[in-house]
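Chemist: Mind having a look at this structure? Questions to follow.
Just so you know, all these numbers are worked out from the coordinates, no wet-lab data involved. Predicted model only: the values in this text are computed from it and were never measured. Don't worry about glycine lacking a Cβ; one is built from the backbone with ideal geometry, like all the others, and counts go over all protein chains shown.
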Amino acid sequence: MADTHDNSALILVDIQNDYFPGGRNPVVGAEAAARVAKQVLNKAREKREPIIHIQHISLRPNATFFLPDTPGIEIYPLLAPLPDEIVVQKHHPNAFRETRLLDELRSRQISRLFFCGMMTHMCIDTTVRAASDLGFQCVVVGEATATRDLTHGNITVPAAHVQAAFLAGLSGLFAKVI
């Protein structure tokens, strides 16, 4: 994490039970990413930096995961929020859309965001690009993110390739990927 003088915050995106083995939509490498995210979380806690947990609850008709009032929406126990940490609920891939996230960051004069979470190709990508557009310096902890295989037509792209492509796409213009 950065030193405390650059007004950094840690954003943990959708590290929720449904993305882990036994959940409704497990992603490849979720447990390994969570272990790295836990290390980042511990550093942020030591430095007393603001920590914001993003929790997706799907209100979309025909949604298959992150369903309201199910264990799948709960934040993964390894990264459970402490009482003084912020939890922002969202209903769209972009954690800024129709949430209080921007207000929470601006009220704390945050300028730099560290991101960990799920899924790299969806909510991480969308939220980091939005944060960059809003003027934040963004840092993505690549090993603390995970995704899944994607299919287009009759082509399946392995999760490792999806992960590499999306981190590469964010790196540079939108974020520093570490």
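Chemist: Can you tell me the convex hull volume per residue for the chain, based on C-alpha atoms, in Å³ to the nearest whole number?
Modeler: Once divided by residue count, the hull of the chain is 117 Å³.
Chemist: Restricting the count to DSSP beta bridges whose residues both fall in the range 44-176, what percent are antiparallel, rounded to a multiple of 5?
Modeler: The antiparallel proportion sits near 20 percent.
Chemist: Expressed as a rounded percentage, what relative contact order does the chain have, with Cα pairs under 8 Å and six or more residues apart?
Modeler: Relative CO of the chain lands at 26 percent.
Chemist: Lys and Arg at +1, Asp and Glu at -1: add these up for the other residues within a Cβ distance under 14 Å of ASN42 and post the number.
Modeler: Cβ neighbours under 14 Å give a net charge of +3.
Chemist: Hey, which lysines would be in cross-link range of LYS47, C-alpha to C-alpha under 22 Å, not counting anything within fewer than 8 residues on its own chain?
Modeler: Hits, sequence-local ones excluded: LYS38, LYS176.
Chemist: Enumerate the amide H contacts of MET119 below 5 Å, restricted to partners 5 or more residues apart or on another chain; note that Pro and chain-start residues carry no placed amide H.
Modeler: Answer set, sorted by chain and number: ILE124.
Chemist: Right, another one. Given the Cα-Cα distance of LEU82 and LYS43 and 0.36 nm per residue of separation, how much length would full extension add, in nm?
Modeler: 12.6 nm
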